[in-house]
Amino acid sequence: MGIYECGTLYNIALNELTPNPDQPRKVFSEYEIKNLADSINDKGLLQPILVKELEDGQIIIVSGERRFRAHQFLERETIPAWFTTGDAEELALVENLVREDLSAMETAEALKKLADRYGIESNKELGKIIGKAPNTVSEILSLNGLSENIRKKVLGDKRFALRELKKIATKSTPKAQEKLFTAYEAKIEAESLKKATRARLKRVDLHIKKIQSMQEYFTKMAADDKFQELSSLSNEMVDLKLSIENIIYKLIMLNSKIDASKVIKVPSDAISITKIEGKITSPAQHSE
């Protein structure tokens with residue numbers, strides 16, 4: 001295997017690596033790549049990628065393309081990599097399945113491709129490769145019977161469950177599949193909206209609780225008999241006051257009908273909010 005030894009860790013130049021054309025994962029989220037890049041930049045790469053050297057010297061990525069893309073995003077020159085001699089397509093599929101990284105549709109397409117390439121006709125044999133029961137393999141493969149439009153929509157999206165897509169795939173015509181899929185898609189969107197709403201409410205409740213805790217804390221501080229001993233905190237309290245006023249100012253702007261583009265930006269260390277007869281004024285307006 002060329003100059004590289006199997007099972008040895010190397011730092012490989014990114015420009016020497018080629019993404020695996022048979023990579024089971026077909027969709028890469030830019031948002032996820034950026035988040036991964038931030039994590040790598042903060043904590044370092046926790047797991048090296050897996051690569052294979054071909055007979056012509058080309059080095060392809062067996063698993064870890066997202067980590068590779070994150071390094072590209074960070075403009076790194078090299079990435080830690082393990083070398084393997086196993087079948088690249090099979091290893092990539094198994095690794096992604098073990099980590100539950102693939103959507104149901106990506107799994108179905110990758111399994112079919114693997115079976116076609118090696119002439120595997122038995123679901124039992126395919127099941128041994130990916131660690132699934134033959135009936136589960138059959139259910140996964142049935143998704144390849146979905147209409148092209150549906151396959152495109154669900155590819156790379158793990159919100160669409162195998163059990164639901166399997167039901168849709170049993171319909172004999174694309175029109176019947178589309179009708180059932182439209183209802184399923186609407187259900188998913190409704191659930192996503194509900195979850196997002198609950199998450200926003202939870203954030204609001206969390207902030208309210210924090211504010212209530214602060215109120216209780218400052219009430220106790222004001223009642224402290226030894227309050228005069230805290231005079232050294234004056235500068236910190238002034239900074240805190242300015243931060244709070246800055247937050248209040250932003251909240252008022254968000255909830256007002258004022259054209260944000262016409263609002264004069266006031267330096268954060270000079271913000272002081274006063275409400276007079278329902279109008280909001282800033283220090284700049286006071287000084288006029």
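The values are calculated or read from the model by the stated rules, or taken from the named source; none is laboratory data. In this text the structure is predicted, and so the values were computed from the model without any measurement. Please note: Cβ atoms are built from the backbone with ideal geometry, for glycine as well, and neighbour counts cover all protein chains shown. Side chains are part of the model used for accessible areas, which takes the heavy atoms of the whole protein and leaves out ligands, DNA and RNA. Shrake-Rupley method; radii C 1.70, N 1.55, O 1.52, S 1.80 Å.
Any residue in region 218-234 that is under 35 Å from the mean Cα position of the chain (by Cα), farther than 30 Å from Ala161 by Cα, part of a helix (DSSP H, G or I) and modelled with pLDDT of 60 or more? Steps first, answer last, please.
Pass one, region 218-234, residues under 35 Å from the mean Cα position of the chain (by Cα): none.
No - not one qualifying residue is present in region 218-234.
What pairs come out if I take residues in region 243-266 that are at pLDDT 50 or above and pair them with residues that are exposed (fewer than 13 other Cβ atoms within 10 Å of the Cβ) whose C-beta lies under 6 Å away, six or more apart or interchain?
Sorted first by the residue in region 243-266, then by its partner, the pairs are Asn246/Ser268.
Which numbered condition in (1) of a type in the set (Ser, Thr, Tyr); (2) in a loop (DSSP other than H, G, I, E, B); (3) open to solvent by less than 40 Å² (accessible area, probe 1.4 Å) is the only one that Tyr184 fails?
Every listed condition holds for Tyr184 apart from (2).
Do we find that Asp42 is assigned to a helix (DSSP H, G or I), free of Cβ contacts under 8 Å to residues at least 24 places away in the same chain and open to solvent by 20 Å² or more (accessible area, probe 1.4 Å) in this structure?
yes
Test Arg69 against the criterion of being under 24 Å from Met105 (Cβ atoms), of a type in the set (Lys, Arg) and either over 23 Å from the mean Cα position of the chain (by Cα) or open to solvent by 60 Å² or more (accessible area, probe 1.4 Å) (or both), and give yes or no.
So Arg69 passes the test.
Considering only region 82-109, state which residues are modelled with pLDDT of 85 or more and among the acidic types (Asp, Glu).
Glu106, Glu109 - these are the residues of region 82-109 that are modelled with pLDDT of 85 or more and among the acidic types (Asp, Glu).
With the condition kept exactly as written, say whether any residue in region 129-144 is at pLDDT below 85, under 29 Å from the mean Cα position of the chain (by Cα) and open to solvent by less than 10 Å² (accessible area, probe 1.4 Å).
Within region 129-144, not a single residue is at pLDDT below 85, under 29 Å from the mean Cα position of the chain (by Cα) and open to solvent by less than 10 Å² (accessible area, probe 1.4 Å).
Go through (1) in contact with a strand residue (DSSP E or B) (Cβ under 8 Å, 6 or more places away or on another chain); (2) open to solvent by 40 Å² or more (accessible area, probe 1.4 Å); (3) over 24 Å from Ser103 (Cβ atoms) one by one and return the number of the condition Ile3 breaks.
(1)
Residues to consider are Ile12, Ile60, Ile79; find the one that is open to solvent by less than 50 Å² (accessible area, probe 1.4 Å), within 30 Å of Lys153 (Cβ to Cβ), at pLDDT 80 or above and not polar (S, T, N, Q).
Ile60
Just to check your reading of the model, which residue among Lys52, Lys113 is open to solvent by 20 Å² or more (accessible area, probe 1.4 Å) and either modelled with pLDDT of 85 or more or in contact with a strand residue (DSSP E or B) (Cβ under 6 Å, 6 or more places away or on another chain) (or both)?
Lys52
How about region 24-39: which of its residues are open to solvent by 70 Å² or more (accessible area, probe 1.4 Å) and either in contact (Cβ under 8 Å) with a residue 24 or more places away in the chain or under 12 Å from Glu65 (Cα atoms) (or both)?
Within region 24-39, Lys26, Glu32, Lys34 meet the criteria.
Find all pairs meeting these conditions: Cβ atoms under 9 angstrom apart; at least six residues apart or on different chains; first residue within region 51-63 and at positive phi; second residue assigned to a loop (DSSP other than H, G, I, E, B).
Within 9 Å, the pairs are Gly57/Gly2.
Cβ-Cβ distance below 6 Å, separation of 6 or more or different chains: which pairs start in region 184-196 with a residue that is under 18 Å from Val154 (Cα atoms) and end on one that is in a helix (DSSP H, G or I)?
Pairs found: Tyr184/Glu164.
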